[in-house]
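In what follows, a single structure is set out as C-alpha cells and then discussed.
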Amino acid sequence: MTTMNWKRSVIAILAVGALAAAAALAPAQGGGQGRGGFGGQRGFGGQFGGSDTSGLGLLNREDVQRDLNLTPDQKSKLQALQEKSREEIRAAMQDMMGGGGPPDRQEMQAMMEKYQAAQKKEVDKILTPEQSKRLFEIRVQLAGNRAITMPDVQKELGINDQQKAKIADLQAKQAEANQSLFQEMRDGGMDRDQLRERMQKNNEVLDAELGKVLTDGQRAKLKEMAGKPFKADPPVDR
C-alpha cells in the first residue's frame with residue numbers, strides 16, 4: 001500500500017467513526033434489518049463510533065446540558081476541555097501517521113480508548129457526582145443495546161468473555177460494512193445524508209443483534225441503568 005493510500009485509509013476510518021458516532025447519538029428504533037445483516041456492500045458500523053465513554057461529545061448537546069443543569073462555569077470548562085482534547089487527538093494522529101507506514105488499527109483503537117479514559121477523568125472533575133451519574137444514564141439510553149460495547153457498561157453488566165467475543169465480532173462486521181458505504185460515497189454512489197441514513201440503519205441492526213447477546217437479567221439491568229427518561233430535543237431539519 002502506498003503512503004497516500006494508507007493515509008486515505010486512515011482518514012476514511014476516522015470519518016466513518018465520526019459519522020457512526022453521530023448516528024449512535026440517536027435512539028435505536030428497533031427492527032429494520034430486513035433479511036439480516038448490515039447494509040454495506042457485504043452487509044455492518046464503526047469500531048471508533050458510538051463508544052464515547054467520557055460523555056464529552058454528548059455534553060455538546062443543549063438538551064443534555066439542560067437535563068444536567070450545567071452552570072455557565074461548567075459549560076466554559078467543558079468547552080475548553082473539548083478544544084484541548086481535539087488538539088491532542090489531532091497531534092497524536094499526525095504523529096502516528098508520520099512514521100512512513102500505515103498505523104496499526106489496534107494501536108489507533110488503543111489510542112482512542114486512552115484519550116477517552118483521560119477525558120472522562122477531566123469531565124468528572126467538572127461535573128458533580130450526581131451529574132456524572134445522570135450523564136452515564138443518558139449515554140446508556142441514547143445508545144440502546146449498543147451501550148454494551150462500552151467497557152464501563154460491560155463491567156456493570158458482568159459481560160463474560162464469550163459475550164465480549166460476540167460483541168467484538170458484531171462490531172467488526174459493522175465496521176466493515178460502514179467502511180464499504182463510505183467507499184461507495186467516495187465513488188459517487190451516494191451523498192453524505194444518504195450515507196448517514198444507511199449507517200443509522202446499520203446501527204439499528206447492530207442494536208438488535210447485540211440484544212441477543214444479553215441474558216434476561218442483563219437486559220433488565222441495562223434498562224435500570226438507563227435511569228429516568230431523557231427528553232431529547234427534536235431533530236433539526238437540514
>> When you scan segment 80-99, do you find a residue that is loosely packed, with under 14 Cβ neighbours inside 10 Å, in a helix (DSSP H, G or I) and in contact with a Phe, Trp or Tyr (Cβ under 7 Å, 6 or more places away or on another chain), even just one?
In response: yes
> Would a scan of segment 164-175 turn up a residue that is assigned to a loop (DSSP other than H, G, I, E, B) and either surrounded by 11 or more Cβ atoms within 10 Å (Cβ to Cβ) or over 20 Å from the mean Cα position of the chain (by Cα) (or both)?
Replying inline: no
> Between residues in segment 126-142 that are of a type outside the set (D, E, K, R) and residues that are not in a helix (DSSP H, G or I), which pairs lie under 6 Å by C-beta distance while being six or more apart or on different chains?
Replying inline: Leu135/Gly55; Ile138/Phe230; Val140/Ala226; Gln141/Ala226; Gln141/Phe230; Leu142/Leu25; Leu142/Pro27
> How many residues are more than 16 Å from Leu58 (Cβ to Cβ) and not in a helix (DSSP H, G or I) if we restrict to segment 210-227?
Replying inline: 4
> Taking interchain pairs and intrachain pairs at least six residues apart, which have beta carbon atoms under 6 angstrom, with the first residue in segment 61-77 and part of a loop (DSSP other than H, G, I, E, B) and the second surrounded by 17 or more Cβ atoms within 10 Å (Cβ to Cβ)?
Replying inline: none
>> Considering only segment 184-207, I want to know if a residue exists there that is β-branched (Val, Ile, Thr) and in contact with a Phe, Trp or Tyr (Cβ under 6 Å, 6 or more places away or on another chain).
In response: yes
>> Kindly evaluate Lys173 against the criterion of being more than 26 Å from Val123 (Cβ to Cβ) and either of a type outside the set (D, E, K, R) or at pLDDT 95 or above (or both).
In response: no
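Yes/no per residue for (1) among the small types (Gly, Ala, Ser); (2) touching a His at 6+ places or on another chain (Cβ under 7 Å); (3) more than 21 Å from Lys114 (Cβ to Cβ):
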{"residue": "Ser132", "(1), (2), (3)": "yes, no, no"}
{"residue": "Arg139", "(1), (2), (3)": "no, no, no"}
{"residue": "Arg146", "(1), (2), (3)": "no, no, yes"}
{"residue": "Gly158", "(1), (2), (3)": "yes, no, yes"}
{"residue": "Lys166", "(1), (2), (3)": "no, no, yes"}
{"residue": "Ala175", "(1), (2), (3)": "yes, no, no"}
{"residue": "Asn178", "(1), (2), (3)": "no, no, yes"}
> In segment 100-117, what residues are modelled with pLDDT under 70, in a helix (DSSP H, G or I) and loosely packed, with under 14 Cβ neighbours inside 10 Å?
Replying inline: none
> What residue, among those in segment 142-154 that are of a type outside the set (Lys, Arg) and under 20 Å from Met199 (Cβ atoms), is surrounded by the fewest Cβ atoms within 10 Å (Cβ to Cβ)?
Replying inline: Met150
>> Looking at Asp161, Asp207 in this structure, which one is of a type in the set (Asp, Glu) and over 26 Å from Leu56 (Cα atoms)?
In response: Asp161
> Could we say that Thr128 is of a type outside the set (D, E, K, R) and within 26 Å of Gly217 (Cβ to Cβ) here?
Replying inline: no
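Here are some residues: Gln194, Gln200. Which one is in contact with a helix residue (DSSP H, G or I) (Cβ under 6 Å, 6 or more places away or on another chain) and part of a helix (DSSP H, G or I)?
Result of the check over Gln194, Gln200: Gln200.
The values are calculated or read from the model by the stated rules, or taken from the named source; none is laboratory data. Please read all numbers here as calculations on a predicted model, not as lab measurements. Counting neighbours? That spans all protein chains shown, and the Cβs are built from the backbone with ideal geometry, glycine included.
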